[in-house]
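Peer 1: One structure follows; several queries about it will come next.
Computed from the coordinates by the stated procedures, all read-outs in this text should not be read as laboratory data. Remember, predicted model here, so these are calculated numbers, not experimental data. Here the Cβ positions follow ideal geometry from the backbone for every residue, glycine too, while neighbour counts run over all protein chains shown.
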Amino acid sequence: MSLNTNTWNRLRYTLYLPVYDLIADRVFRKHRKRSVELLQANPSDAILLLGAGTGLDLPYLQGYTRLTAIDITPGMITKLQQRAERLGIPVDARVMNGQQLIFTDNSFDAVILHLIIAVIPDPVACIREVERVLRPGGTVMVFDKFLPDGQRPSQLRRLFNQVASTLFSDINRSIGDIVSHTTLQVELNEPAALGGTFRIVRLRKPL
Ligand SMILES: C[S@@+](CC[C@H](N)C(=O)[O-])C[C@H]1O[C@@H](n2cnc3c(N)ncnc32)[C@H](O)[C@@H]1O
């Protein structure tokens, strides 16, 4: 049984805080940049960063004026606010559960989901919330590791995932399965880090 719950995530990401940037910055830098480029947003678009962490995406969002960032771990939000101040980027940053957003329907032009869909305990609840708060025609950028759609994980992989999903992130999720619970459409799905294990996926909410 996996320990992947919101309470556990809040605790472990608080513990990871001192070393998080050392691990998640340099390795993923070019993929964050690529994902933000593929978003093709306007500087005045309302953009939500869900599970925003310490704000490692912010350097690629300079010039955007309506950014909102949420994360379930208070320490992550504090670090993100410090980074935003250093970079001079205005961000409305809040502690919030990505499976239960307090925002009204259709309130964002775009949502950025970097390294969160494979971490959050209930990715379907999360993507449904994203669909709800996104305006029709709005865009979602996902960057994460996924199993190819339709591939079933081996027994060994399922066993190993008990540890992986508790300490790092789930290695057995398929983006197609998760998105199939919404009306969101996959517009683009390209290989990113680790020979395509990590993907950059662009989703659109139909008009
Ligand atoms: C792997 S980190 C990714 C952070 C950031 N997006 C990045 O790319 O560096 C996962 C983040 O998801 C957050 N998180 C986990 N469960 C969450 C939830 N239910 N709602 C919001 N954030 C959550 C964690 O606190 C952590 O900051």
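Peer 1: Which value in Å does the Kirkwood hydrodynamic radius of region 56-155 take, with 1/r averaged over all unlike C-alpha pairs and then inverted? Before the final figure, lay out the partial values.
Peer 2: On the way: mean 1/r = 0.0673 Å⁻¹.
Kirkwood radius, region 56-155: 14.9 Å.
Peer 1: Moving on. For region 141-188, just the Cα set please: Rg and Dmax, both in angstrom.
Peer 2: 12.0, 33
Peer 1: If you don't mind, another one. For region 6-204, compute Rg over Rh where Rg is the Cα radius of gyration and Rh is the Kirkwood radius from the inverse mean 1/r over Cα pairs.
Peer 2: 0.93
Peer 1: Counting only helical runs of four or more DSSP H residues, what would the 222 nm mean residue ellipticity of the chain come to if each run contributes -39,500 (n - 2.57) and the total is spread over all its residues?
Peer 2: -11000 deg cm²/dmol
Peer 1: So if I restrict to the alpha-carbon atoms in region 1-81, what is the Rg, and what is Dmax, the biggest pairwise distance, in Å?
Peer 2: Cα only, region 1-81: 13.8, 44 Å (Rg, Dmax).
Peer 1: Also, I was wondering about something else. Give me the number: length gained by fully extending Ser154 to Leu207, i.e. 0.36 nm times residue separation minus the C-alpha to C-alpha distance, one decimal in nm.
Peer 2: Net length gain for the segment: 15.2 nm.
Peer 1: Once both labels are modelled 7 Å past Cα along the beta-carbon direction, what's the Thr104-Lys33 spacing in nm?
Peer 2: 3.9 nm
Peer 1: Among bridges DSSP assigns within the chain, what percent are antiparallel (round to 5)?
Peer 2: Restricted to the chain, the bridges split so that about 40 percent are antiparallel.
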